[in-house]
Amino acid sequence: MLLNGKGAAPGAAVGSIYIYNEKFNTPSESYISKGQEQTHLDRYLSVKDEALIELEKIRLAMQKLDPSKAEIFTAQKEIVKDIIINEEIPAKIMNERWAGNWAIYHVYETVLAALRKTTDPLIAERAADFDDVRALLINLWNGQRKKSLSTLKEPVVIAAHDLKPSDTAGLDRSKVLAIITEAGGITSHTAIIAKSYGIPAVLGIHGLLGFVKHGQLAAVEATKGTVILDPEESIVKEYRKKSGVFSRDKKDAETFLKKEALTSCGVKIDIGLNISGAEDEELSSEHYADSVGLFRTEFMYIERNDLPTEDEQFVSYKKVLECFGEKPVILRTLDIGGDKQMTGLVIENEENPFLGNRGIRFCFSNPNILRTQIRAALRASLYGNLWIMFPMVSSIDDIRRLKNIIAEEKEKLKKEGVKIGEMKIGIMVEVPSIALVAEVAAQEVDFASIGSNDLCQYLCAADRMNSEVESYYQSYHPAVFRMIKTAVTAFTAAGKPISICGELGGDPLAIPVLIGLGLRKLSMGAASVAAIKRAIASVSIKKAEEIAKKVLQFSTAAEIEEFLSK
Ligand code: PEP
Ligand code: MG
């Protein structure tokens, strides 16, 4: 059986499934006989103590692994000790003769019901903590210690609905071959942990826990986002080989991580990071990079019920800018629509969302959102080297309209007496119509970055989210490389920086071609940096130019892929 999800951390593995399910059995409404009150109260008090010990253990483990996450467990310990909860539960047991587990469940439920009503995302997060604590108390009441991924006996493929920080605290990475989950996107906690531990992960597999059994054999290929259940012997062999090759290769690539990215003939290539937020994990690879090549700001808007305020955005942007000091930070304005939706805003369903009100178009039709973001960026620009970039630009009209809006907001802020810094203005080259007029665009803006993910989708007319047309979405299509060449040549001739921040920029196979086409700035996810630096070191400019020339002469994507693989 083949399951599909999103590959969130690269690699391949084959092994037995270990189902990690943190759900607890909801206790039924039950009462105790007269005389049993003290026993239930004592048991609650001892469960409470055990929970505190358990949480402290996790906090200490997390402190070593990720200090910012350790605070979660300090907060959860406070919940266990909460004064009101600790008056209510004993009162229900002693005065109303509720069974202890029913009292725990019900008293926490009352708090949770109130918290769930709010739309404030911070309070919603608080609700998740109350939920976690309640599960821990009830599991302890039932005599079940918290299952820990730190005590796995043998290497397994973990299958879960989702993994929370408390689940992964102290995780023994030598015992985890791969992680597969029902929930979780590429920016989820699970994805971040998997990437930083180098564990292959496929997330977002619908209905996963309904398909898998404990101990069942699974072959995971995270690069493709697939899981094969009960694979045949030939597949098991193939995946074992893939997994071995992957780990040896990873170890070798790691040796390049701290080095500067130089071609074999000594030309420096700038390495940018693609980040999705200002969290410490996102910024932790700063030492290995020369810039933030793409700060996808939309994640600040997604998965919440309201819009981020100007101040909130200012604080995040400032944090990233301060972390990168003089290194450029390319902040991309909200890129919503298409595959990315916001819960805080009703976006009308469109027949063809990728050809619709997406990226900058959505912002033009919601000017307050765009202006708030520009104001926050202008204010933050005082604290570092900020370059602002706009997605889905398709014409010179778009660029002029944007420049006018920026000028107006600058003027307003000055009148309000708010200090602002300088920022470069740039565009993503991801729509063919702007790539083809790149010489004109280069006169209008300070820089550009090629969004190869969308450029490929629009050039090949193949929806990047639709698996039915996957074979038509060809990243190595000669047209993609030709169009990259057009944009790079135009911007280079105008003396304006141009980079690439789509997935192609993090693909080792494509590196010689990109360098050969004239790119000197590449941006990618942190997990790809080591392999890309190694690919850069293996090629000279002369060789790269020969490779690029050859690639442009091929007729099909398959021919190009075969040539590059060799
Ligand atoms: C791209 O299109 O290549 C890109 C980097 O943007 P996103 O993947 O966020 O659309
Ligand atoms: Mg894009």
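The values are calculated or read from the model by the stated rules, or taken from the named source; none is laboratory data. This one's a predicted model, so the numbers in the text were calculated from it and none came from an experiment. FYI the Cβ positions are ideal-geometry reconstructions off the backbone, even for glycines, and counts take in every protein chain you see. The area values use the complete protein model at the heavy-atom level, side chains included, leaving out ligands, DNA and RNA. Shrake-Rupley method; radii C 1.70, N 1.55, O 1.52, S 1.80 Å.
Kindly establish whether residue 351 is surrounded by fewer than 22 Cβ atoms within 10 Å (Cβ to Cβ) and more than 25 Å from the chain's Cα centre (by Cα).
Working: surrounded by fewer than 22 Cβ atoms within 10 Å (Cβ to Cβ): yes; more than 25 Å from the chain's Cα centre (by Cα): yes.
So residue 351 passes the test.
Against the condition over 25 Å from residue 396 (Cα atoms) and within 16 Å of ligand 2 (Cβ to nearest atom), how does residue 276 come out, does it pass? Lay out the reasoning, then the answer.
Numbers: over 25 Å from residue 396 (Cα atoms): yes; within 16 Å of ligand 2 (Cβ to nearest atom): yes.
Here the answer is yes, as residue 276 does meet what is asked.
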Selection status of residue 271, modelled with pLDDT of 95 or more, closer than 16 Å to residue 501 by Cα and within 16 Å of ligand 2 (Cβ to nearest atom): no
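Can you pull out the helices (runs of 4 or more DSSP H) entirely within segment 395-464 that have at least 3 residues that are within 16 Å of ligand 1 (Cβ to nearest atom)?
On the way: elements: 396-415, 432-435, 438-444, 452-460.
The helices (runs of 4 or more DSSP H) meeting that bar are 432-435, 452-460.
Yes/no matrix, rows are residues, columns are (1) open to solvent by less than 40 Å² (accessible area, probe 1.4 Å); (2) within 16 Å of ligand 1 (Cβ to nearest atom); (3) closer than 26 Å to residue 459 by Cβ; (4) touching a Lys or Arg at 6+ places or on another chain (Cβ under 6 Å):
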site: 318; (1), (2), (3), (4): no, no, no, no
site: 328; (1), (2), (3), (4): yes, no, no, no
site: 333; (1), (2), (3), (4): yes, yes, yes, no
site: 355; (1), (2), (3), (4): no, yes, yes, no
site: 361; (1), (2), (3), (4): no, yes, yes, no
site: 369; (1), (2), (3), (4): yes, no, no, no
site: 387; (1), (2), (3), (4): yes, yes, yes, yes
site: 393; (1), (2), (3), (4): yes, yes, yes, no
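Within segment 449-465, restricting attention to residues that are in contact with an Asp or Glu (Cβ under 6 Å, 6 or more places away or on another chain) and at pLDDT 95 or above, which residue is farthest from ligand 2 (Cβ to nearest atom)?
Let us first name the residues in segment 449-465 that are in contact with an Asp or Glu (Cβ under 6 Å, 6 or more places away or on another chain), namely 451, 453-455, 465.
Now narrow it down to the ones that are at pLDDT 95 or above: 451, 455.
Numbers: 451: 4, 455: 8 Å.
Going through the qualifying residues, I end up with 455.
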Hey, residue 72 of a type in the set (Val, Ile, Thr), part of a helix (DSSP H, G or I) and at pLDDT below 85 or not: yes
Residue satisfying condition, being assigned by TED's automatic domain parsing to the domain that holds residue 509 and away from ligand 2 (no atom under 16 Å from the Cβ), within set 430, 470: 470
Any chance residue 481 is surrounded by fewer than 23 Cβ atoms within 10 Å (Cβ to Cβ) and closer than 29 Å to residue 250 by Cβ: no
Test: residue in segment 268-280 that is of a type in the set (Lys, Arg) and surrounded by fewer than 18 Cβ atoms within 10 Å (Cβ to Cβ): yes
Selection count, segment 287-303, where residues are open to solvent by 30 Å² or more (accessible area, probe 1.4 Å) and not aliphatic (A, V, I, L, M): 6
Residue tally, condition away from ligand 2 (no atom under 16 Å from the Cβ) and buried (at least 20 other Cβ atoms within 10 Å of the Cβ), over segment 486-496: 3
Matching residues, segment 282-296, being among the aliphatic types (A, V, I, L, M) and within 20 Å of residue 268 (Cα to Cα): 289, 292, 294
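Looking at 440, 431 in this structure, which one is open to solvent by 10 Å² or more (accessible area, probe 1.4 Å), of a type in the set (Val, Ile, Thr) and under 28 Å from residue 511 (Cβ atoms)? First the steps, then the outcome.
Numbers: 440 fails: under 28 Å from residue 511 (Cβ atoms).
Of the residues listed, the single one that is open to solvent by 10 Å² or more (accessible area, probe 1.4 Å), of a type in the set (Val, Ile, Thr) and under 28 Å from residue 511 (Cβ atoms) is 431.
Of all the residues that make up segment 383-401, how many are of a type outside the set (Lys, Arg), farther than 20 Å from residue 300 by Cβ and more than 16 Å from ligand 2 (Cβ to nearest atom)? Lay out the reasoning, then the answer.
Here is the first cut: in segment 383-401, the ones of a type outside the set (Lys, Arg) are 383-399.
Next, from what is left, pick out any that are farther than 20 Å from residue 300 by Cβ: 385, 393-399.
From the residues that got through so far, the ones that are more than 16 Å from ligand 2 (Cβ to nearest atom) too are 385, 395-397, 399.
Of the residues in that region, 5 qualify.
Given the options 470, 444, 430, 416, name the one that is within 25 Å of the chain's Cα centre (by Cα) and at pLDDT 95 or above.
Details: 470 fails: at pLDDT 95 or above; 444 fails: within 25 Å of the chain's Cα centre (by Cα); 416 fails: within 25 Å of the chain's Cα centre (by Cα).
Going through 470, 444, 430, 416 in turn, the sole match is 430.
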Breaking point among (1) out of contact with any Asp or Glu (no Cβ under 7 Å at 6 or more places or on another chain); (2) of a type in the set (Val, Ile, Thr); (3) open to solvent by less than 70 Å² (accessible area, probe 1.4 Å); (4) outside any helix (DSSP H, G or I), for residue 223: (3)
Residue identified as more than 28 Å from residue 333 (Cβ to Cβ) and assigned to a loop (DSSP other than H, G, I, E, B) among 244, 210, 215, 277: 215
Selection status of residue 311, surrounded by fewer than 19 Cβ atoms within 10 Å (Cβ to Cβ), at pLDDT 90 or above and assigned to a helix (DSSP H, G or I): yes
